[in-house]
Structures are given as C-alpha cells and as structure tokens.
Amino acid sequence: MFTAKGDVKLPTEPVIDQPQDGGGSSILVVDDEEIMRSFLHDVLSGEGYQVEVAPTGEEAVERFKEKEYDLVITDIKMPGIDGMEVLQEAKRLHPMTEVVVMTGYASLESAVESMKKGAADYITKPFNIDQIRIVVAKTLERRKLRQKAEDEEFYKHLSRTDGLTNLYNHRFFHQLLESEISRAKRFKQSVCLLMLDIDNFKIYNDKNGHLAGDQALKQLAWILDKSVRSCDIVARYGGEEFVVIAPQTDLEGGEILATRLNRLVREAKFDGEGVLPQGRLTISIGVASFPDQAADERSLIEKADRALYQAKAQGRDKVCIYGEKDKEAKGSGN
C-alpha cells in the first residue's frame, strides 16, 4: 500500500486479480503528483477502464469542457484549482459524472464535506488497491443504475406523451380517464369530459402547409394547457382533436370551462388564420358528464363526441352539451 503521498510501497500480501470488467467506462484521474497518477492509471487500466490523467485542476476543468467522463477521481489538496473546485465544475458541467475524492486520514473532514457537495465516495491514503477497485466499481455501478432509472423515466414519459404538442397522448388519455372515473365512483363525484376539434383545419393546412399546421396545433395545446386548472388533464386525442378531463366537475362547471376555452382560442392570434372562412382559427367543443349522462368511460367518450358533432353541425365555433339539442349552443360571441 501507499504509506504517504508520493511514497510507493508494494502490497505486502499478493492481491488476487479481479476480472477485467470495466466495460470501457471512462475515468479521469486528477493529481498533481506524477507517481500517484501513474499508479492509478495502471491499476484502473488493468481493470478494463479507459483512463486519462490530468496533472492540475485547471487542466481537468478544460477537459470537462470537451468531454464527459463516467468517473473523476481527484485529490482534494492541489495547488491552484483544488479537488473541491474540480468536483463542483465536474457536477456543474456534467451532472451524471460521478466524482471520488482522495484524501489522507488527517483530512477526512474535507472528504465528508466533498460528499455534501456531490462526491459519490472517497479514498483514503495510504492507498489499498482492493479499496480502490471496490470504490470505483461500486461508484460506476451506482451511476449505471441511476442512468437506467432516468432512461426508464424518460421513455415512460415518451410513451405517455404526444411528440408534437407534449400533451398526453391518446393511449394514456384512456388510462387517465378510467382512473378518474374510478376515483369519482369511490367518492361519489362528477367528472366532465370536453372533446375539442379545430374548425376547418384541413383548409388551414392546405392553404398554409403542414408546418404551419403543426405550429397551430402546438399553440393551441399551449393555450389549453395554460388555461385549465392544475387538476384538469389535457390530451391530444388525434389529428386536430383534443380532450380535457375535468375531475370533480359537474355539467355546469364543464360548460363554463368549455365556454371559456372556446373564447380564449377565438381571441388568440394564429399565423395564417385569415385563410379560414371566419377569418380566424376557432374550435368546437362537446361536453358530457359522468355519472349524470354516462355510466362508464366508453359511454362518456361517445356522448362527448356526439355533442362535438352537434357543435359542428350547428355551424362550428360552438360549445354543445350532450342531450341539450334544443338549447342554443354557446360560442361565436354568444
């Protein structure tokens, strides 16, 4: 083992070789003493890691600007930029990079402080080769697990989200609606469903092009998402159709919400909307309620869709409530 910084002593007992399973993980060793850098380079390279060395904290920081490392091993006490600053810069530029600090027994307080600032672990001097191997392997394994967890969360988000509008997608909408209806049954509450469709969207697309159409969809999605309550759920149902799930909302509350959304979209400015028959982009909305008008998810969707069809049939830019055929549809400034 190492008896002091810069003083190398071979292990007194033979060290059993470990499998070389580093998997090519990239490691940067930062130390101002060449003998320390060389020793760690040789040990870790022998484990199958891709190892680079930097003699100063300044050089390490420059390396971070060009490359992300899986692991940085840095001495705490160095002239110029010390190990604490190396740690902070590594985490600032590359949050997923793990950092292990090296310190003597007399400086354990610094090691503890470094872990408060984001270091994954520390290695004490004099070195023990097995300790180095174990700390590095465990740290990199934790990094892989953390990366896997973040990747799984990312892909879960993708599976639930519409790529264009960043709203929930059609598939996840059905899961959310089923969940809200189950909750409403348990607590004897109401759930309103709003189905929205952009009026004459084919004309808008044909005249302005699909890129403009995509931009209009994104703008509408933003308006809807920012104009509902935090408990309401907005999703893209498909094409130019959107849905809003309004929990703990009766039919009257759903109508109020729909009327407000109809007005906000009508008052918004969309590029190229002058090509539309009314000279502006508008939406039609159908509203239905559970349990007053529907007993389950499928029935609620069907009835909101029928109300939407009614709003279209009455001239578009309307809000229609399922079953209220004789009531004048709201919208168009009404």
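Please treat every number below as a calculation from the coordinates, not as lab data. Keep in mind that what you see is a predicted model, and the values were worked out from it rather than measured. Reconstructed Cβ throughout: ideal geometry from the backbone, glycine too, with neighbour counts over all protein chains shown.
Near the amide H of Met78, under 5 Å away, which other amide H atoms are found, from residues 5 or more places off or on another chain, if H is placed in the peptide plane?
For Met78, whose amide H was placed from the backbone, the distant partners under 5 Å are Gly83.
Please compute the modelled spin-label separation between Leu93 and Asp206, points set 7 Å along Cα→Cβ, answer in nm with one decimal.
Roughly 5.6 nm, to one decimal.
Over 26 Å between Cα atoms, which of Lys116/Lys138; Lys148/Lys185; Lys67/Lys117; Lys207/Lys303; Lys156/Lys185 qualify?
Exceeds cut-off: Lys148/Lys185; Lys207/Lys303; Lys156/Lys185.
Let me have the relative contact order for the chain, percent, based on Cα pairs under 8 Å that are six or more residues apart.
12
Would you please give the residues with an amide H less than 5 Å from that of Glu98, counting only those at least 5 places away or on a separate chain, with H modeled from the backbone geometry?
Leu71, Val72
So what is the 222 nm mean residue ellipticity for the chain from helices alone, if each DSSP H run of at least 4 adds -39500 (n - 2.57) and you divide by all residues, rounding to the nearest 500 deg cm²/dmol?
-15000 deg cm²/dmol
Compute the long axis of helix 57-66 from its Cα atoms, compare it with the longest principal axis of the Cα atoms of the chain, and write down the angle in degrees, 0 to 90, nearest 10.
Approximately 40 degrees, to the nearest ten.
How far, in degrees from 0 to 90, does helix 129-160 lean away from the longest principal axis of the Cα atoms of the chain, to the nearest 10?
10
Using Cα-Cα distances under 8 Å and only pairs 6 or more residues apart, what relative contact order does the range 170-331 have, in percent?
Result for the range 170-331 is 28 percent.
What's the angle, to the nearest 10 degrees (0 to 90), between helix 170-187's Cα axis and the longest principal axis of the chain?
Between the helix axis and the principal axis of the chain, the angle is about 80 degrees.
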